[in-house]
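This report refers to the structure that appears directly beneath it.
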Amino acid sequence: MGMGRGGLVAYVEAELERDIALGRLPPSGQFGSEAKLARRHNVCRGTIREALRRLAARGLVVQRSGRKTRAVALDESLTLENLGLALHDARSPEARWLLEGYFSLRRQVLVELLVDCCAKASERDLDVLGSLCFRLWDAAKWELGERCAQVEFELLRLAARVAERPGHVLLVQSLQRAFLGGPARLLPFMECEALRQWVICATDALRERDTRALQQDLPKLMKACDDRLLNAFAPVPKEAVSAESPCAQECFSNDPVPVAQEESPEALPGDEGQGVGHSAPAIEDNTAPVSAPFPHGEVLPGEPDRETPRLPAATEPTSREPRGDCIGEDVPRAPVHAAPHTIPDEERLF
């Protein structure tokens, strides 16, 4: 296979972990014998034995003398360090839910530590934290995502020590191991510009000891960065989009589309008191502007007056009655078909 002993064991360990995560084991959760697993993966039994031992050390399997190795249920074995176990199927809603929880926890830890640093740290310690923030900003501009993640965890560890929070030092170690075990595969989707935005916010807040910015502005910027990363890695299925959204209502609504109603002839200006014998006005008066029901024909405040679009008389529907001021004019109209003449019954020929 072209890999050393250690690499081969790690490969088999990852394959067995994938079998556990994707539910490929029988309902009993038991693996086959070492000989059977060795034939399946085309390795020696010693490699299988070492891979199973590593899985047992991580709490993913249980090994007992004289019995087959059994996988532990996912809800019992899933920890921060084993977060990658739930990420083998990126399309799973469970995977996205756990990733959201991981990033939310990391945001809370960083914000809490930086707020404590503003209250407890000396000016020298704040300068060191600010320098590390600048290194993170510079890495986001020039380096790959792996380097950015490394500097970010250095910032977390330093903040935990400056804030004198030994429990958080251990928590940061678990967060980093969890990242390397699963979320690290998200690094190719990282948007560096979003990362630089929250780093700038954190740097300014530390310099000014602005706890309000750290508690209100920084979490929003970090969440926006994490959401872009999650949406690129594990997009929300289209079926999850609510049909009640404005777009869905607009596109799929069965309600009739409102149609602009024309003004009746009596409502038009200049028609009051005009009879059949009224002389026809000039042609420019015959095409008076029609009030538009939509804003397209309105003159908005602050805009110069412009001519409102006019409707030519020839395009008027034939269903409208002729206006009194058009009598006697040669106005083109659609032909009107007379109704068929009905012959009285007494005049019909049988």
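The values are calculated or read from the model by the stated rules, or taken from the named source; none is laboratory data. All figures in this text were calculated on a predicted structure; none of them were measured in a lab. Here the Cβ is made from the backbone with ideal geometry for all residues, glycine too, and neighbour counts use every protein chain on show. Heavy atoms of the whole protein, side chains included, go into the accessibility calculation; ligands, DNA and RNA do not. Shrake-Rupley method; radii C 1.70, N 1.55, O 1.52, S 1.80 Å.
A few points about this structure:
- By average C-beta atoms within 10 angstrom, highest first, the peptides 34-41, 147-154: 147-154, 34-41
- A probe of 1.4 angstrom, applied to the heavy atoms of all protein chains, finds SER65 with accessible area near 120 square angstrom.
- Residues GLU123, GLU146, sorted by accessible area with the largest first, give GLU146, GLU123 [1.4 Å probe; ligands and nucleic acids excluded].
- Cross-link partners of LYS68 among lysines, defined as those whose alpha carbon lies under 17 angstrom from its own and excluding same-chain residues fewer than eight positions apart: LYS36.
- Of the whole protein surface, ARG228 contributes about 120 Å² of accessible area at a 1.4 Å probe radius.
- Positive contributions from Lys and Arg (+1) and negative ones from Asp and Glu (-1), summed over other residues with Cβ under 9 Å from the Cβ of ALA163, come out at 0.
- Nearby lysines by direct alpha-carbon distance to LYS141 (threshold 22 angstrom, same-chain neighbours under 8 apart not counted): LYS220, LYS223
- With 0.36 nm allotted per residue and the present C-alpha distance subtracted, the ARG18-ALA56 stretch has 12.2 nm of extension available.
- Heavy-atom accessible surface of the stretch 1-117: percent carbon and sulfur, 1.4 Å: 49
- When only Cα pairs below 8 angstrom with a gap of at least 6 residues are kept, the stretch 104-249 shows a relative contact order of 33 percent.
- Peptides ranked, highest mean first, by Cβ atoms within 10 Å: ranges 10-17, 213-220: 10-17, 213-220
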